[in-house]
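The values are calculated or read from the model by the stated rules, or taken from the named source; none is laboratory data. This is a predicted model, so every value here is computed, not measured. Cβ coordinates were reconstructed from backbone atoms using ideal geometry, including for glycine residues, and neighbour counts include every protein chain displayed. When the accessible area is computed, the model is the full protein with side chains, heavy atoms only, and any ligands, DNA or RNA have been set aside. Shrake-Rupley method; radii C 1.70, N 1.55, O 1.52, S 1.80 Å.
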Amino acid sequence: METLGNIWNLGVKELRSIWHDKVLLAFVLMAFTLMVYTAGSAGSMELHNAPVAVVDEDQSALAGHMIDSLQPPWFMPPDQIQYGQIDEVLDKGSHTFVLVIPDGFERDIRQGRVTSVQLNIDATRMTQAFIGSRYIEQLLTTEVAEFMRTGSAGGALPINLVTRVSFNPNLDGTWFGGVMVMPIKPFEIMAAKVWANGLVVMLAATLSVTLVIQQILDVPVQGSILLFMFGTLIHLFSTTAIGILIGTVARTMPQFGLLLILTILPLQMLSGGITPRESMPELVQNIMLVAPTTHFVSLAQAILYRGADLDVVWPQMLALVAIGVVFFSVALVLFRRHLAV
């Protein structure tokens, strides 16, 4: 009972410290509201209002349909230019894409000949160039296929591609969008920090999911919020243990700050929340299995987007518990050694 009392009193002390530290309190609120909203709305991976120019040397009905497909919200209304102006508009940076439709393009399509169009891209706008080229390819392919299907090239296509998008049918990127020495035992100090700081983050995370994500960003949550928060609680145990371990290893606050940066950045970038793990080298994928964020991202996406139940995400939760126990145990051993010195 004495141990539980010490853990409770120390936790209350931690909460009081947070409450009286208005800068920290404001940062917590901002991190789970404004930053979540900004990451979801401003960090969209879709194409928006990309500037495009067209050199139409064919002046045919098919060319007109292709040009008309390049419309908002993905592209700005296409500007008609001459072939000799291509380098000029790309050098000025006024346009990211310049599409060239050659003379006789529709005629070649009607006669079944192999033909092509030219797409010039300003690749200095790397993200927009990469995504936009895929958009243009899909739009133009669709227009040519529709033109052939309506009888201009002798009947329907031999295949009919039907695309079904699961879990995010509108391909909305905002969804992907998105945690002193006292006369008591080291375990009591660490346990108090875990529950007190975890409580603050849990309350902020609940506010973020229900208010910012569901209400403001209007992201439909398919699964159980309660199950997600339970997974978040386990994840907080693991990450707090890592934080205590870093704080125990670091000798000064500057060292702690540098170690924290070297820890947070890989956890954030390689956990699968920004870049799919499948696109990473296999060695990196295997190494990141010891990181709690990898398993948390997996269970969070499964619950929130796909409506997964406990019978689906229990392996990730078990992994989070195991990782948390290991880091907590190592931090406890090192903490006891520091106190004994």
Requested in this report: Filter segment 297-341 for residues that are closer than 23 Å to residue 269 by Cβ and among the aromatic types (Phe, Trp, Tyr) and give the result.
Outcome: 305, 327
Requested in this report: Kindly provide the set of residues from segment 218-228 that are more than 19 Å from the chain's Cα centre (by Cα) and part of a helix (DSSP H, G or I), ordered by number.
Outcome: 225, 226, 227
Report summary line: Only unsatisfied item for residue 85, checking (1) over 31 Å from the mean Cα position of the chain (by Cα); (2) within 19 Å of residue 143 (Cα to Cα), is (2)
Report task. Would you please list the contacts, defined by Cβ atoms under 6 Å and residues six or more apart or on different chains, that run from a residue in segment 245-262 that is closer than 19 Å to residue 329 by Cα and basic (Lys, Arg) to a residue that is open to solvent by less than 90 Å² (accessible area, probe 1.4 Å) and not in a helix (DSSP H, G or I)? Result -> none
**Report entry** Residues satisfying the stated conditions in segment 261-283, i.e. open to solvent by less than 80 Å² (accessible area, probe 1.4 Å) and under 20 Å from residue 327 (Cα atoms)
**Finding:** 263, 266, 267, 270, 271
Requested in this report: Scan segment 299-318 residue by residue and report those that are part of a helix (DSSP H, G or I) and under 15 Å from residue 221 (Cα atoms).
Outcome: 299, 300, 301, 302, 303, 304, 305, 306
Requested in this report: Please work out if residue 236 is more than 21 Å from residue 268 (Cβ to Cβ) and not in a loop (DSSP other than H, G, I, E, B).
Outcome: no
Query raised in the report: Quick check, is residue 55 open to solvent by less than 20 Å² (accessible area, probe 1.4 Å), in contact with a helix residue (DSSP H, G or I) (Cβ under 8 Å, 6 or more places away or on another chain), at negative phi and of a type outside the set (S, T, N, Q)?
Result: yes
Query raised in the report: Of the residues 209, 194, 201, which is open to solvent by less than 40 Å² (accessible area, probe 1.4 Å) and modelled with pLDDT of 80 or more?
Result: 209
